[in-house]
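S.K.: Just dropping this structure here.
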Amino acid sequence: MQFINQKKYLILSIVFFLFFCATSVFLYQKTKDYNKEALALQEEWQTENIRRENVKYLSSSVKTIQREITSLESHFVKSSDVVPFLDTIEKLANEVNLKSEISSVDVNKMSPALMIEMRVQGSFENIYKLIRLLEHSQYELEFVSINIQEMENSTGKVPQWNAALMIKLLSFEI
């Protein structure tokens, strides 16, 4: 009887051993699967984190160069901004004490350029100052023709001059 009890205990021990071995293998496999999932999630998280960092960097880069973009765009005149541009030219003429009149504005269809004909009246020195201001303005201008003549009825100490300026705005966008 004692031999049978020992056999039962041995069989029961082997069954428990096999059960625990199977449970250990099962748990090991599950742990291994969870580790693979965790690694995949960690890689996905790192990829997303890198993307977010890139977006932050791009956003800060855009903010950094926004002022430069605005400055660059101010050198170009769009077809919708012709009137403010012409006002700027007339304002420059007024700043140097000249009477100014824009007599014609024409868009060159062959090359995107704006042709402006302007007449000014005042002292020769002020006309020269206006030409220099226009040359050094933020816009890319080309003087097609400049015709300066002294007025015949010029009275006073400072002779009066008339000038007809034909200006081509090269930095024009249609």
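The values are calculated or read from the model by the stated rules, or taken from the named source; none is laboratory data. Predicted model only: the values in this text are computed from it and were never measured. Here the Cβ is made from the backbone with ideal geometry for all residues, glycine too, and neighbour counts use every protein chain on show.
S.K.: Restricting to region 74-99, and then to whatever is outside any helix (DSSP H, G or I) and polar (S, T, N, Q), can you tell me which residue is modelled with the highest pLDDT?
M.R.: The selected residue is ASN97.
S.K.: Any idea which residue in region 115-174 is modelled with the lowest pLDDT, counting only those that are closer than 20 Å to LYS91 by Cβ and in a loop (DSSP other than H, G, I, E, B)?
M.R.: Ranking the candidates gives SER171 first.
S.K.: Now for a separate question. Would you confirm whether any residue within region 51-73 is part of a strand (DSSP E or B) and modelled with pLDDT of 90 or more?
M.R.: no
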